[in-house]
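The structure's right below; bear with me while I get my questions together.
What follows draws every value from the coordinates through simple rules; no lab data is involved. None of these values were measured; they are calculated from a predicted model. Cβ coordinates were reconstructed from backbone atoms using ideal geometry, including for glycine residues, and neighbour counts include every protein chain displayed.
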Amino acid sequence: MTETPRRLLPMLGSTRGKRSAVTCALKCDNACSDAVCNTSTNTYFRDIVSSEFSRRSALGAGAAGALTLLVGMQTGAGSAQAAPPPGTGYRKSNLPFDAIAPVDASVDAMTVPQGYGWKPVIRWGDPLFANSPAFDAESQTAAAQALQFGYNCDYTDVLEIEGSKGRRAVLFANHEYTNETIMVPPTLPAADVRGIGKAAHGLSVVELERRNRNKPWSYVQGAPLNRRYLTTTPYEVTGPAAGSDLLKTKDDPAGRTILGTLGNCAGGTTPWGTILSGEENFNGYFVATGTSDGDRRYGLTNRPTARGWEIDEARWDTRNAGYENEKHRFGYIVEVDPFDPTSTPKKHTALGRFKHEGANVTVASDGRVVAYMGDDERFDYLYKFVSTNTVQPGTSAAARKANMTLLSEGSLYVARFQGDSVAEIDGSGRLPSDGAFDGVGEWLPLLVDNRSVVAGMTAEEVAVFTRLAADRMGATKMDRCEDVQPNPLTGRVYVACTNNTNRGVGSNAIADEANPRTLNRDGHVVELSEAGGNASGTRFTWNLLLVCGDPARSPATYFGGYPKDKVSPISCPDNVAFDSQGNLWISTDGQPGTVGYSDGLFKVGLEGAERGRVQQFLAVPRDAETCGPIIHDQEGTVFVAVQHPGEDGSWANQHSSFPDYVPSGSAPGKGQAALPRPSVVQVYRA
Ligand code: FEO
Ligand code: CA
Ligand code: CA
């Protein structure tokens with residue numbers, strides 16, 4: 001059989017002023033160089049929303065003041081919050097640091113603040129099971145990779161195991177995508193390369209151990225909770241599209257069981273201790289006709305895929321008879337129970353299908369759970385899901401089982417933002433005369449208790465073609481919503497809009513107050529407050545906390561009112577997290593192509609005099625992005641996933657040897673290699 005050669009990678013370098021061309025090709029199927037796929041005009045509900053806004057505006061500042069007061073009261077007392085991690089038992093933060101200086105993007109080093117050290121907790125290729133072979137870069141096989149830690153982690157969490165006195169924990173990590181050019185020797189047959197790459201996708205759960213709370217974590221090979229989720233792992237479909245004709249294939253005539261998860265990006269940990277992970281750039285794994293409204297709106301094309309899995313398995317080419325719907329079976333939020341290695345993970349169609357960045361859950365004051373979600377595509381939308389049923393308190397097996405059904409039924413909303421300084425928004429990023437990019441907003445329903453409220457679409461159609469449903473309702477086109485997360489202390493929700501260099505270009509949407517810069521290269525962060533502190537309600541107020549960039553070079557930046565000459569430059573916000581004191585932490589993806597610095601992790605104050613103070617905590621190695629931050633500040637430790645280190649290199653000319661950094665001329669030790677290995681890293685007070 002003649003083999004299609006591996007697709008050539010694009011010319012190296014940065015594209016569109018952002019990330020590397022290799023990352024664009026392999027992670028997002030060149031989403032930013034293809035035409036914008038949201039060409040909707042979004043006018044259907046605009047008049048209604050505008051007139052309601054005018055009416056409420058007419059109520060004046062007194063009404064706005066009352067709203068703010070209610071938010072404060074509700075989030076302080078009435079709003080149930082996610083339980084703190086078990087066994088912490090601390091009150092004070094133990095993470096003092098002086099901001100590091102920005103690191104030049106050419107530097108291949110992990111840079112942490114003075115007084116801190118770092119170590120990889122687990123690396124791509126590390127053996128997970130008793131029978132897993134040790135990583136051997138020169139002799140990789142798909143069978144070995146299936147028993148080893150996967151590639152390119154994005155979302156991570158570390159959850160202590162109850163009763164372990166802080167000595168054992170479970171680590172979850174997903175594996176977003178692969179870069180076979182730097183992973184495997186070029187002499188390997190193409191079919192082997194495809195198999196290794198495929199086995200490096202999916203998810204991993206692995207147990208960690210430490211001697212006491214002052215020691216760093218190590219992973220435990222062969223521990224009982226260790227598990228790899230591969231493209232062969234069955235997922236149960238829940239929600240309106242379960243059993244739908246839209247999901248049926250030759251291999252799954254019932255439309256209820258899907259093999260594998262793809263493009264897993266950010267995620268969240270639920271109050272009941274399960275993990276949510278977002279299927280993001282799934283389109284890049286499929287060949288389609290590319291001619292239907294659904295295909296066009298989701299970026300599905302008839303191009304051969306970058307990894308060529310369609311050569312070996314018919315389902316990846318959805319032009320094949322019986323597999324037309326395979327592409328509809330990805331793009332969901334998956335839920336995984338890391339404490340039960342025999343459990344069947346779920347794909348929740350009630351939370352919609354789009355390029356799910358992730359999902360973060362809070363409990364509303366009425367006991368229903370609310371998941372906030374971004375669709376990471378230029379001019380796509382911000383969503384939230386509100387469960388029909390209420391959360392069961394406690395951690396009993398019965399409560400957990402009940403809570404694991406909460407995301408199967410509920411209401412799905414998409415956000416519409418209305419600014420209060422509309423006439424002053426000119427795309428320059430200049431702050432309006434009222435001193436803020438801010439306004440009100442509305443959650444527009446698409447599904448109510450799993451029933452469609454979109455004219456002309458059934459519930460299963462809304463669940464599968466969520467973008468088309470949202471287009472009809474007049475949602476606000478955003479600058480790529482990445483992670484969206486409620487602050488566990490205040491209930492306010494933070495939305496990282498990473499960038500959108502097509503804002504205001506050609507026939508695309510122009511700047512608005514929630515996305516105020518034409519050619520938005522550096523991104524911004526929205527702070528959203530649910531009206532009355534009611535996370536399950538349909539009204540909110542909002543403002544931009546950060547308008548990102550390097551303030552020394554760009555006047556169109558804003559840092560929550562903090563003096564611009566006293567902050568770390570920050571660009572392309574991506575993942576967000578909170579510490580125990582309610583500070584926001586932001587990891588970035590794309591700084592080398594914008595401000596010229598390595599990506600990093602930044603702490604941002606939110607309250608009082610500290611509001612808007614951005615301090616860089618760490619910088620990741622050459623070509624890498626920073627992902628999955630976990631802030632265990634009371635233990636003086638932070639975890640990050642270092643994704644795609646050395647992305648722009650080749651097998652013969654690697655750009656990074658993170659994390660082993662074997663000195664040139666010396667022989668690598670056991671399990672070490674002079675090629676980059678994406679890893680989950682722990683940073684700790686030395
Ligand atoms: Fe995988 Fe939207 O970042
Ligand atoms: Ca304003
Ligand atoms: Ca991301």
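Please compute the net charge surrounding Ser387, taking Lys and Arg as +1 and Asp and Glu as -1 over other residues with Cβ under 12 Å from its Cβ. It would help to have the intermediate numbers written out before the result.
Working: positive: Arg368, Lys384; negative: Asp366, Glu409, Asp449.
Net local charge, Ser387 excluded: -1.
Could I ask something else about it? Rounded to the nearest 0.05, what FRET efficiency do Asn302 and Asn389 have when you use their Cβ-Cβ distance and R0 = 56 Å?
Values: r = 42 Å, r/R0 = 0.75.
For R0 = 56 Å, the calculated efficiency reads 0.85.
Something else now. What FRET efficiency comes out for the pair Val107/Trp651, r = Cβ-Cβ distance, R0 = 30 Å, nearest 0.05? Intermediate values should be presented prior to the final figure.
Values: r = 22 Å, r/R0 = 0.73.
In this case the efficiency is close to 0.85.
Where a ≥ b ≥ c are the square roots of the eigenvalues of the C-alpha gyration tensor, would you call the chain rounded, which needs a/c under 1.5, or, failing that, prolate if a/b is larger than b/c, or oblate? Can you show the working numbers first?
Details: a/c = 1.33, a/b = 1.18, b/c = 1.12.
Rounded, because the longest to shortest axis ratio a/c is under 1.5.
Now a separate question. Any chance you could run the full-extension gain for Thr458 through Ala99? It's 0.36 nm times the residue separation minus the Cα-Cα distance, nm to one decimal. Mind showing how you got there, number by number?
On the way: separation 359, 0.36 × 359 = 129.24 nm, distance 5.18 nm.
So the chain would gain 124.1 nm between Thr458 and Ala99.
Let me ask something additional. Obtain the nm distance between the two label points defined at Glu138 and Ile510 by a simple spin-label model: each point lies 7 Å from its Cα along the Cα-to-C-beta direction.
6.3 nm
Calculate, for Ala314 and Ala609, the FRET efficiency according to 1/(1 + (r/R0)^6) with r their C-beta to C-beta distance and R0 51 Å; round to the nearest 0.05. All intermediate terms of the calculation are to be shown ahead of the outcome.
On the way: r = 61 Å, r/R0 = 1.19.
With R0 = 51 Å, the Cβ-Cβ based efficiency is 0.25.
According to a simple spin-label model (label point 7 Å from Cα along Cα-to-Cβ), what is the distance in nm between Tyr661 and Asp293?
Placing both labels 7 Å along Cα→Cβ, they lie 5.5 nm apart.
Quick check on packing: order 184-195, 218-229, 19-30 by the mean number of other C-beta atoms within 10 Å, highest mean leading.
Details: 184-195: 15.8, 218-229: 18.2, 19-30: 23.0.
Those peptides, ordered most packed to least, come out 19-30, 218-229, 184-195.
Once you place label points 7 Å from the Cα toward the Cβ at Ala191 and Lys92, how far apart are they in nm?
Reported label-point gap for Ala191 and Lys92 is 6.3 nm.
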